[in-house]
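Trainee: My structure is below; once you've seen it, I'll send some questions.
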Amino acid sequence: MISDNVNSYEGSLNVMWLEFECEEVFSEQRPIPDNATWMLLRGAYVATVGRQFSSIGYGTIGADGVLVRVKVDYVPGKGRGVFALEDMPEEGTHVWDALYTARFPSAIEYRRFLASIPEDLACDVLIWSYVERSNYKDPSSSRVSLDLDACSFMNNIMDNLEDQNLANNYRMTRHIWAGEELIVNYEEFVEEGGWEHFGLADYQ
């Protein structure tokens, strides 16, 4: 349990990180989730927010949003990453769709979800989650989002834009070779200061 009252807005991301002992969890190499793990997380999400409010279709809970052949593997200095299994020569090819992106309208649902899953997976979720805004003119459209498939392992650009081969709509910006890591720019879709909106930042 992440606190005595999981229905409250209290407790920042940092507090939850400490309560779940995530530093210890990540002191060892984390496994690559199998389909059963994704199904567990998707089922926990649907149970938390209710089917009528779920952004994931319950009938397709065992599928995947990745539209091309990839594998998740370990990347020195990064952790886990996503790699192409074949050449993808067509610029603009759509490689992923947000079919299994869990969206939480408030901190209450997000914290309930974290409290309902194994603690080591909760640590994974804390590093996979981000805040996005569906309408950039409307701050109230912000939501905590979590990609419950291999997209969660697509890493951010490291030091220059030349590393990026996927646009923010997850379409290829250039030819991608078999064995190449798929790289995105988090700044293109993550809302700056978004955790403050949900009362989950360390400093309000």
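Trainee: What are the equivalent ellipsoid semi-axes of segment 46-127, built from the alpha-carbon gyration tensor (square roots of five times its eigenvalues), in whole angstrom, biggest first? Write out the running numbers ahead of the final one.
Mentor: Numbers: eigenvalues 157, 70, 21 Å².
The answer is 28, 19, 10 Å, longest axis first.
Trainee: Placing +1 at every Lys and Arg Cβ and -1 at every Asp and Glu Cβ, with all other atoms neutral, what dipole size does segment 147-201 have around its Cα centre, in debye to the nearest 20?
Mentor: Working: 2 positive and 12 negative charges, 48 e Å.
Taking the Cα centre of segment 147-201 as origin, the dipole is about 220 debye.
Trainee: If you rank Glu19, Glu24, Glu191 by fewest surrounding Cβ atoms within 10 Å, what's the result?
Mentor: Working: Glu19 15, Glu24 10, Glu191 19.
The fewest-first ordering by Cβ neighbours comes to Glu24, Glu19, Glu191.
Trainee: Express in nm, to one decimal, how much length is gained between Phe53 and Asp87 on full extension, taking 0.36 nm for each residue of separation and deducting their alpha carbon distance. Before the final figure, lay out each step's value.
Mentor: Values: separation 34, 0.36 × 34 = 12.24 nm, distance 3.81 nm.
That pair, Phe53 and Asp87, stretches by 8.4 nm at full extension.
Trainee: Tell me, what is the FRET efficiency for Phe189 and Val75 to the nearest 0.05, using R0 = 25 angstrom and their Cβ-Cβ distance as r?
Mentor: Values: r = 21 Å, r/R0 = 0.83.
Calculated transfer efficiency: 0.75.
Trainee: Right, next: Relative to the compact globular guide of 2.2 N^0.38 Å, what is the alpha carbon radius of gyration of the chain, as a ratio?
Mentor: Numbers: Rg = 16.9 Å, N = 204, 2.2 N^0.38 = 16.6 Å.
Rg over 2.2 N^0.38 Å, computed on Cα atoms: 1.02.
Trainee: Between Ser116 and Ile32, what length in nm is gained on full extension when 0.36 nm per residue of separation is reduced by their alpha carbon distance? All intermediate terms of the calculation are to be shown ahead of the outcome.
Mentor: Working: separation 84, 0.36 × 84 = 30.24 nm, distance 2.04 nm.
Difference between extended and current length: 28.2 nm.
Trainee: Gaussian network model of the chain, Cα springs within a sub-10 Å range: biggest mean-square fluctuation belongs to which of Pro76, Pro118, Pro31?
Mentor: Pro76
Trainee: If you place +1 on the Cβ of every Lys and Arg and -1 on the Cβ of every Asp and Glu, how big does the dipole about the Cα centre of the chain come out, in debye to the nearest 20? All intermediate terms of the calculation are to be shown ahead of the outcome.
Mentor: Values: 15 positive and 34 negative charges, 165 e Å.
Using Cβ point charges on Lys, Arg, Asp and Glu, the chain gives about 800 debye.
Trainee: Here's another thing I want to ask about it. Quote to one decimal, in nm, the extra length available between Asn156 and Ser12 on full extension: 0.36 nm per residue of separation minus the C-alpha distance between them.
Mentor: Values: separation 144, 0.36 × 144 = 51.84 nm, distance 2.33 nm.
Extra length from Asn156 to Ser12 when fully extended: 49.5 nm.
Trainee: No partner Cβ under 4.7 angstrom, meaning no disulfide-compatible partner by this rule: which Cys of the chain qualify?
Mentor: For the chain, the answer is Cys151, because their Cβ atoms have no other cysteine Cβ under 4.7 Å.
Trainee: If you don't mind, another one. Helix 107-116 against the longest principal axis of the chain: what's the angle in degrees, Cα atoms only, rounded to the nearest 10?
Mentor: 80
Trainee: As I understand it, the value is the acute angle between the Cα axis of helix 119-128 and the longest principal axis of the Cα atoms of the chain; what does it come to in degrees, rounded to 10?
Mentor: Approximately 60 degrees, to the nearest 10.
Trainee: Between Ala178 and Met39, what FRET efficiency follows from the Cβ-Cβ distance if R0 is 35 Å, with the result rounded to 0.05?
Mentor: Taking R0 as 35 Å, the efficiency between Ala178 and Met39 is 0.80.
Trainee: Have a look at Val125, Val15, Val184 and tell me which one the Gaussian network model of the chain (Cα, springs below 10 Å) gives the largest fluctuation.
Mentor: Highest fluctuation of the listed residues: Val15.
Trainee: Still on this structure: Among Leu41, Ser12, Tyr130, whose Cα lies farthest out toward the positive end of the dipole of the chain, if unit charges sit on the beta carbon of Lys, Arg (+1) and Asp, Glu (-1)?
Mentor: Leu41
Trainee: Provide the FRET efficiency to the nearest 0.05 for the Glu21-Leu67 pair, computing r from the beta carbons and using R0 = 45 Å. It would help to have the intermediate numbers written out before the result.
Mentor: Values: r = 36 Å, r/R0 = 0.80.
It comes to 0.80.
Trainee: How much net charge surrounds Asp149 when only other residues with a Cβ under 10 Å from its Cβ are counted (Lys, Arg +1; Asp, Glu -1)?
Mentor: Numbers: positive: Arg42; negative: Asp64, Asp97, Asp147.
Summing Lys and Arg as +1 and Asp and Glu as -1 gives -2.
Since every read-out is calculated from the coordinates, none of them should be taken as a lab result. Computed from a prediction, not measured in an experiment: that's the story for all the values here. A quick note on method: Cβ atoms are made from the backbone with ideal geometry, for glycine too, and the neighbour counts reach across all protein chains shown.
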